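The values are calculated or read from the model by the stated rules, or taken from the named source; none is laboratory data. Since the model is a prediction, treat every value here as computed from it, not as a measurement. Cβ: placed from backbone, ideal geometry, glycine included. Neighbour counts: every protein chain shown. Calculation scope for accessible area: heavy atoms of the full protein, side chains included, ligands and nucleic acids excluded. Shrake-Rupley method; radii C 1.70, N 1.55, O 1.52, S 1.80 Å.
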Amino acid sequence: MRHIFESIPPTNRWFPVFERYIAHVADRTRSFGTDPDKVEPSPDGTGVRDKPSPLGCPQHWIASGLLAAILVTWGIFQVQVAAVLTSIAIVTWVATYCWYEYKCKPSWCSRLNTLLIGVGVAAAILGFLYLAGVTTSNLLSALAVSAISTGTMAIASWLLYCGKGCCSD
């Protein structure tokens, strides 16, 4: 019940009613000899609060990494090889991204950050490879797409106030 109570905003007209009900249930629990304050709010009724992962949703990081791999693959291999490998990677990424959407239920800012991390890492790797002297027919185009996408998404993230509590999960 406390888990449900946490989701009710204080401005809701049912908030005081539910608050009194929680207090009533706590008093009844005390009369049975149990301390209700030791029972944490939990979605599954076990009385143990879920501990969020310090890294957030793991699917977020997998989708970001696969996106970076797609762009780097496109940039470092010759056109024929890159076409095959990138096609396989795109299908894998779409499946992973759908899994991410299903499991994590991300906000718009989380979605944007997933993409931003992926293209940002790809831009950094491709930029390093270019400075190291790697030359392929696709490297500069992949680097340009990654860099422009990173900049565009960073501006969008800033305009949406992502990271300032407005849109975060």
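Observations on the model:
- Between helix 15-31 and the chain there is an angle of about 60 degrees, using the helix long axis and the longest principal axis of the Cα atoms.
- Shape call, the stretch 79-136: gyration tensor on alpha carbons, a/c limit 1.5: oblate
- The largest accessible area among Asp35, Asp27 belongs to the first residue in Asp27, Asp35, and the rest follow in falling order (1.4 Å probe, all chains).
- Helix-only [θ]222 nm of the chain, DSSP H runs n ≥ 4, -39500 (n - 2.57) each, per residue, nearest 500: -22500 deg cm²/dmol
- Computed over protein heavy atoms with a 1.4 Å probe, the carbon and sulfur contribution to the accessible area of the chain reaches 69%.
- Computed with a 1.4 Å probe over protein heavy atoms only, the accessible surface of the chain comes to 65 Å² per residue.
- Take every Cα pair under 8 Å whose residues are at least 6 apart in sequence, average their separation, divide by the length of the stretch 98-169, and the relative contact order is 47 percent.
- For Val39, distant residues with modelled amide H under 5 Å away: none
- Contact order, relative form, for the chain: 21 percent (alpha carbon pairs under 8 Å, 6 or more residues apart, mean separation divided by residue count).
- Exposed-site-free run, longest, the chain (rule: chymotrypsin sites (Phe, Trp or Tyr not before Pro); DSSP loop; at most 16 other C-beta within 10 Å): 33-160
- Between the stretch 98-164 and the stretch 1-39, the alpha-carbon centres lie 45 Å apart.
- Taking every alpha-carbon pair within the chain, the share separated by more than 26 Å comes to 50 percent.
- Mean-square fluctuations from a GNM of the chain, with a 10 angstrom spring cutoff on Cα atoms, peak among Ala68, Ala26, Ala156 at Ala26.
- Most mobile listed residue (Val84, Val39, Val119) in the chain, GNM with C-alpha springs under 10 Å: Val39
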